[in-house]
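The values are calculated or read from the model by the stated rules, or taken from the named source; none is laboratory data. Please read all numbers here as calculations on a predicted model, not as lab measurements. Here the Cβ positions follow ideal geometry from the backbone for every residue, glycine too, while neighbour counts run over all protein chains shown. To get the accessible areas, we keep the full protein, side chains included, count just its heavy atoms, and leave off ligands, DNA and RNA. Shrake-Rupley method; radii C 1.70, N 1.55, O 1.52, S 1.80 Å.
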Amino acid sequence: MRPVQLAFHRTGAALVRPDGRVLTIEHRALRKWLLPGGHIEAEDTSLRDSALRELAKETGISPDQVQRVGDGPLHIDVHTIPANDAKGEPEHPHFDFRFLFRTTADAVELQEEEVTNYSWQLADMLTTEPLRSRVMAAAGF
């Protein structure tokens, strides 16, 4: 059996609209509502670039449709991803570097291989702290 190479680093994008709504996606494999995001790839030149690439890949919202908020990650989260026997992956940690962006974009084109649905939720409805309070403070809500 060959060794499994696990991706321990991920990025995510907290995308906020002027009315205070944040884009969330329903992840197909995990069956959870999350911020758009994914693994860092070799072509990514920074964590922020990775977050923008994953945002575009999963939602169709391109980097030219967003404006960054702040210089660094808004939040860093560590959580456990369950084992995936189909991929031969044991349970492993993910480190999410979450960046905040603003947009006025409405149209979302989902990457159906990984994402089953999307929702624009009010920022104060985010359930994860300190992400919720950080998004609200940085976005001026």
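Assorted remarks:
- Carbon and sulfur %, accessible surface of region 91-141 computed with the full protein complex present, 1.4 Å: 48
- Taking amide H atoms as placed 1.01 Å from N in the peptide plane, the amide H of L74 lies under 5 Å from those of R98, F99, L100, each 5 or more residues away in sequence or on another chain.
- Interchain or long-range residues, amide H under 5 Å from V115's placed H: R28
- A 1.4 Å probe run over the chain, with the rest of the protein chains in place, finds 57 Å² accessible per residue.
- Extension gain from D106 to L30, taking 0.36 nm per residue of separation minus the Cα-Cα distance: 24.8 nm
- Restriction of the GluC sites (Glu not before Pro) in region 1-107 to DSSP coil positions whose beta-carbon has at most 15 other beta-carbons within 10 angstrom yields E41, E43, E91.
- Magnitude of the charge dipole for the chain, about its Cα centre and with charges confined to Cβ atoms of Lys, Arg (+1) and Asp, Glu (-1), is about 300 debye.
- Normalised by the number of residues in region 1-132, the mean separation of alpha-carbon contacts (under 8 Å, six or more apart) gives a relative contact order of 35 percent.
- Gyration tensor (alpha-carbon) shape descriptor, region 59-141, a/c threshold 1.5: oblate
- Fully extending the segment from E91 to D77 would add 3.4 nm, taking 0.36 nm per residue of separation and subtracting the current Cα-Cα distance.
- Inter-site label distance for E129 and E41 at 7 Å from Cα along Cβ, in nm: 3.7
- Across region 41-54, rounded Karplus estimates of 3J(HN,Hα) from the backbone phi angles (6.51 cos²θ - 1.76 cosθ + 1.60, θ = phi - 60°) give 10, 4, 7, 6, 8, 7, 4, 5, 4, 5, 4, 5, 5, 5 Hz, Gly and Pro being marked x.
- Shape call, the chain: gyration tensor on alpha carbons, a/c limit 1.5: prolate
- Alpha carbon centroid spacing (whole Å) that separates region 93-141 from region 16-75: 8
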